[in-house]
Structure formats: C-alpha cells, structure tokens
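To keep things clear, I will list the structure first and then write my remarks on it.
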Amino acid sequence: MTSHERPLESVLETVGRTPLVRVHDGPEEVAIYAKLESFNPGASVKDRIGRYMLERMLERGDVSPGGTVIEPTAGNTGIGIAIAAEQLDLEAIFVVPERFSVEKQQLMAALGAEVINTPSDDGMDGAIDRAHELAEELDDAVVPQQFSNPLNSEAHYETTGPEIYDALDEVGAVVAGCGTAGTLMGIARYAREQDPDTYVAGVEPEGSLYGEFFGEDREEGEYKVEGIGTHDPATNELFDPDLVDAVHAVADERAHEEVARLAREEGHLVGSSAAAASVAAKRVARSIADGGIDAPSESVVTVFPDSSERYLSKGIYRSFEEWEC
Ligand code: PMP
C-alpha cells in the first residue's frame with residue numbers, strides 16, 4: 001500500500017502498491033473491490049507502464065542513459081513516462097495532437113519533458129508518424145509505443161495482478177476498461193494463471209468497437225468517457241480475445257452519473273473511465289449473484305485508472321450536457 005515502512009530513494013519507488021478498496025453499491029452477496037490508481041505519483045495507472053517500460057528498455061539496451069524516449073500520447077502515459085524518464089536519466093519528448101487537454105501537456109512540461117504539437121486534423125496517426133521521424137533524426141532515441149508494446153501489459157502482469165492476489169485470497173471476476181487494453185490483458189493473464197475459470201470482462205464506452213471481437217453488433221459513435229475505447233479494434237495489438245469473456249459497453253450518461261455517485265456516496269474522486277468500470281463491475285456482480293455468470297468466487301475486482309481532478313476544467317461534475325470531452 002502507499003504507506004511505506006522505510007524512507008524511499010526516489011518517487012519511482014512509489015509507483016504501484018495502490019490501495020484496493022471496497023465499492024459499496026453492488027449486490028449484498030458479491031464484494032466489489034477497486035484498485036485506486038490515482039495513488040500513483042503522477043496520479044494515474046500509467047505511471048506503472050512509464051516506469052516498467054523504461055526500466056526494461058534500459059536493461060535491454062534499447063536506449064542508454066542520456067538517450068531520449070519519444071511517445072505519441074495525449075495523456076496519462078506521457079505523465080507516467082515523464083516521471084520515469086527524469087529519474088532514469090532519459091530525455092522525454094511527447095508528440096501530442098493540438099486539440100488534446102492542455103492540463104496534461106502542462107504537467108508533462110513541468111516534469112521536464114518537451115511537448116511537440118501536431119495538427120489536430122492529422123489525428124493520433126500524425127503524432128505517431130512524427131514520433132518515428134524524430135526518433136530517426138536523433139541518436140539513441142526510442143519510441144515505446146504503448147499500443148503495440150508487450151511491455152505495457154507485462155507491467156500489469158508483473159505488478160497490478162500480483163498486488164490484487166496479495167490482497168485477496170480469491171477473485172471471481174476481473175473487470176477493467178480497455179484503451180490500449182494493457183491493464184486488462186496483464187491482469188487477465190495473471191488471474192487466469194491463478195484460476196483458469198476467472199471471469200474476465202473489458203469495459204468500453206458505447207460507440208467504441210471492442211465488442212466486435214465477440215461478434216456483438218456495435219454502432220460506432222463518439223463518446224465523452226476518456227481513456228478507454230477504440231474505433232479500430234483490429235489495429236489493437238495487445239487485446240487478446242482469448243483472455244476475455246465479454247466487453248461491456250457503458251453509456252456516457254451512466255458513466256457521468258456514476259462519477260457523481262462515487263464522489264458523493266463513497267468519497268472517490270475518479271475520472272470517467274473509472275466510473276464506467278464501476279458500472280460494468282456492478283453489472284458483473286449482479287450477474288454472479290443471480291447465476292447468470294458462473295465465477296469461481298463471489299468477488300469482483302476492477303481498476304479506477306485516474307482522478308477527476310484531471311477533468312475538472314472539462315466540467316466532469318457539471319450537468320451531462322455541460323461535460324465536454
Ligand atoms: N482510463 C484512463 C483515464 C486512461 O488514461 C487509460 C489509458 N488510455 C485507460 C483508462 C485504459 O488503460 P489501458 O490503456 O491499459 O487499457
């Protein structure tokens with residue numbers, strides 16, 4: 001957990017070992033627990049992959065101290081990589097499409113990283129291309145690319161998964177949002193090794209298309225929930241449908257209500273992807289309770305990836321109509 005018995009040498013040692021806390025809105029007979037990832041030093045789940053990917057890449061010699069890490073990212077991953085880069089003697093450059101959150105870009109810069117903007121019209125693909133061009137131009141530069149880097153899910157297999165099983169004797173189901181799907185895949189692989197019957201569910205906003213992996217009809221659309229979902233599931237290199245039983249789609253309105261409920265009733269200041277995960281975890285818990293899902297134990301674990309503070313300026317606690325994405 002985040003209280004440590006001895007003084008620590010660097011902020012990197014505070015990554016992980018986040019609290020696992022009961023969520024109290026599910027059915028009586030099935031316990032729901034959430035891993036509170038805002039307890040990480042950069043206040044999100046992505047600090048785990050920032051530290052893990054850079055440490056492994058340095059060990060493997062993909063980059064050397066004094067070298068540069070370049071990532072196309074608009075969000076939490078940049079903050080996580082920036083913290084690790086600073087501590088591991090690497091320069092960090094982030095390539096960010098212009099339209100993305102100014103707050104996150106300010107935090108990356110405050111952590112000593114360089115932020116380069118690409119035109120919004122070129123989308124994330126434009127940022128990815130520019131990151132690779134820059135890596136070619138520089139000596140000793142590496143692009144981790146969280147969407148295709150197996151170290152992303154490995155970070156969760158090595159840290160988040162074991163932490164959950166340190167805290168609980170049995171886990172019936174794992175429910176987590178899918179952006180890169182690194183979080184879900186790493187935990188799922190670990191969980192299925194503990195018990196192959198563990199029920200595993202992904203979470204996406206309505207309008208996202210991960211459900212198509214399971215033959216479900218999904219209507220492509222825009223969504224306000226931030227950090228999860230895809231319009232192009234076939235290009236996701238980390239998502240492995242064999243490790244997943246279902247992907248639950250959560251409507252923006254439900255996630256928005258749950259953001260407010262979690263704060264008001266349970267004291268959790270979490271972002272919209274955490275709220276979507278909470279909604280889906282409660283659905284899974286109810287199905288376990290009524291026999292619709294056959295899980296090996298009456299407990300559900302989910303992940304709350306970040307804090308609502310990162311989205312206050314987008315009106316996350318205002319009315320649904322006033323909430324911007
Ligand atoms: N929620 C938030 C707020 C995120 O930033 C991310 C990462 N995109 C996720 C959820 C999803 O995590 P993952 O990429 O591991 O699927």
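The values are calculated or read from the model by the stated rules, or taken from the named source; none is laboratory data. Predicted model, so just to flag it, every value in this text is computed and none were measured. Cβ coordinates were reconstructed from backbone atoms using ideal geometry, including for glycine residues, and neighbour counts include every protein chain displayed.
Miscellaneous remarks
- Scan of region 283-315 for residues that are in contact with an Asp or Glu (Cβ under 7 Å, 6 or more places away or on another chain), over 21 Å from Asp197 (Cβ atoms) and charged (D, E, K, R), ordered by number: Asp306, Arg310, Lys314
- When each of Ser287, Ser278, Ser273 is tested for being within 16 Å of the ligand (Cβ to nearest atom), over 16 Å from Glu309 (Cα atoms), among the hydroxyl-bearing types (Ser, Thr, Tyr) and at pLDDT 95 or above, the lone residue that passes is Ser278.
- In region 75-95, residue surrounded by the fewest Cβ atoms within 10 Å (Cβ to Cβ) [restricted to those that are more than 18 Å from Glu133 (Cβ to Cβ) and either among the hydrophobic types (A, V, I, L, M, F, W, C) or not assigned by TED's automatic domain parsing to the domain that holds Glu114 (or both)]: Leu88
- Failed item, numbered, when Ala127 is tested on (1) within 15 Å of the ligand (Cβ to nearest atom); (2) in the same structural domain as Ala255 (by TED's automatic domain parsing): (2)
- Pairs, first free of Cβ contacts under 8 Å to residues at least 40 places away in the same chain and in the same structural domain as Gly292 (by TED's automatic domain parsing) in region 233-253, second of a type in the set (Ser, Thr, Tyr) and not in a strand (DSSP E or B), C-beta under 6 Å, six or more apart: Pro233/Tyr210
- Tally of residues being over 21 Å from Glu29 (Cα atoms) and not basic (Lys, Arg) across region 259-298: 13
- When region 225-248 is filtered for residues that are away from the ligand (no atom under 12 Å from the Cβ), at pLDDT below 95 and crowded, with 16+ Cβ neighbours inside 10 Å, only Pro233 remains.
- Within region 63-87, the set of residues being in contact (Cβ under 8 Å) with a residue 40 or more places away in the chain and β-branched (Val, Ile, Thr) comprises Val63, Thr68, Val69, Ile70, Thr73, Thr77, Ile81, Ile83.
- Just one of (1) assigned to a helix (DSSP H, G or I); (2) over 25 Å from Thr18 (Cβ atoms); (3) within 13 Å of the ligand (Cβ to nearest atom); (4) of a type outside the set (Asp, Glu) fails for Ile187. It is (2).
- Filtering region 296-316 to residues that are within 16 Å of the ligand (Cβ to nearest atom) and either assigned to a loop (DSSP other than H, G, I, E, B) or among the aliphatic types (A, V, I, L, M) (or both) leaves Val301, Val303, Pro305, Leu312, Ile316.
- Of all residues in region 194-220 being part of a helix (DSSP H, G or I) and of a type in the set (Phe, Trp, Tyr), the one that is nearest to Ala275 (Cα to Cα): Tyr210
- Qualifying residue in region 139-150 (condition: near the ligand (Cβ under 9 Å from one of its atoms), within 28 Å of Gly61 (Cβ to Cβ) and in contact (Cβ under 8 Å) with a residue 24 or more places away in the chain): yes
- Residue in region 242-254 that is aliphatic (A, V, I, L, M), more than 26 Å from Arg310 (Cα to Cα) and in a loop (DSSP other than H, G, I, E, B) present: yes
Condition check ((1) away from the ligand (no atom under 16 Å from the Cβ); (2) modelled with pLDDT of 95 or more; (3) within 15 Å of Arg48 (Cα to Cα); (4) out of contact with any Ser or Thr (no Cβ under 8 Å at 6 or more places or on another chain)) across all residues:
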site: Ile164; (1), (2), (3), (4): no, yes, yes, yes
site: Gly172; (1), (2), (3), (4): yes, yes, no, no
site: Asp197; (1), (2), (3), (4): yes, yes, no, yes
site: Val200; (1), (2), (3), (4): no, yes, no, yes
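- Enumerated strands (runs of 3 or more DSSP E) restricted to region 1-92, each holding at least 3 residues that are within 30 Å of Gly126 (Cβ to Cβ) and more than 14 Å from the ligand (Cβ to nearest atom): 68-72
- Among the residues of region 32-40, not a single one is in contact with an Asp or Glu (Cβ under 9 Å, 6 or more places away or on another chain), under 29 Å from Ser272 (Cα atoms), surrounded by fewer than 20 Cβ atoms within 10 Å (Cβ to Cβ) and assigned by TED's automatic domain parsing to the domain that holds Asp169.
- Given (1) modelled with pLDDT under 95; (2) not in a helix (DSSP H, G or I), index of the condition Ile293 fails: (1)
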